[in-house]
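This report concerns only the one structure given below.
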Amino acid sequence: AAKALAEDWFNRGAILEALDAEAAQEAYEQALAANPCHPGAATNLGRLLHEGGQLDAAERVYRTGLAACGSDALLHYNLGILLEDMGRVDEAMQAYERALSDDAGMADCHYNLARLYEAQGRTREAIRHLARYRRLAGEEQG
């Protein structure tokens, strides 16, 4: 019953996002209260908090989601974006690497890592991730 309730709240949040971000946020919080391991609710709630400038709260949501659910590529990826925005580049890179260890097919994640490796002068790693990004992006278009 808790999982069904969480899914109902999650679906409500997804519908509300276009209309009322605050109501959507509350719906995702309700979903996580019903089922702490709901990666979709954690991902969306964290993203809304991040977009709203509540960076510490977003980080808490992502990390709590990962603790509750175990590793999740999208949670790690979003955490990486957040950490990068917070200027915590090394932690961001670790989060991106964790995302790719869960799902090597995340093109945007390869792109972000390529960019960060390039900024650090780590050309070999940058080229490797950029090549993987281009291969994946080409598959998505084809």
Picking from Leu45, Leu116, Leu75, which is most flexible by a Gaussian network model of the chain using Cα springs under 10 Å?
Leu116
Students sometimes get this wrong: rank Thr43, Thr64 by accessible area, probe 1.4 Å, all chains present, largest first.
Thr64, Thr43
Contact order relative to length for region 14-83, counting C-alpha pairs under 8 Å separated by 6 or more residues, stands in percent at 27 percent
Rg/Rg_globular for region 49-108, with Rg_globular taken as 2.2 N^0.38 Å and Rg from C-alpha atoms
1.03
Could you tell me the center-to-center distance, by alpha carbons, between region 57-109 and region 1-56 in angstrom?
18 Å
Radius, Kirkwood style, for the chain when every pair of distinct Cα atoms is counted (Å)
15.7 Å
The chain, relative contact order [Cα under 8 Å, separation at least 6], %:
13 percent
In Å², nearest 10: area of Leu136 left accessible to a 1.4 Å probe
10 Å²
Over the chain, with the other protein chains present, what is the accessible area per residue in square angstrom, probe 1.4 angstrom?
54 Å²
Obtain the nm distance between the two label points defined at Asp85 and Ala21 by a simple spin-label model: each point lies 7 Å from its Cα along the Cα-to-C-beta direction.
0.9 nm
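The values are calculated or read from the model by the stated rules, or taken from the named source; none is laboratory data. Note that this is a predicted model, so its numbers are computed, not measured. Cβ sites come from the backbone with ideal geometry, for glycine too, and all protein chains shown count toward neighbours. Please note that ligands, DNA and RNA were not included when accessible areas were found on the heavy atoms of the full protein model with its side chains. Shrake-Rupley method; radii C 1.70, N 1.55, O 1.52, S 1.80 Å.
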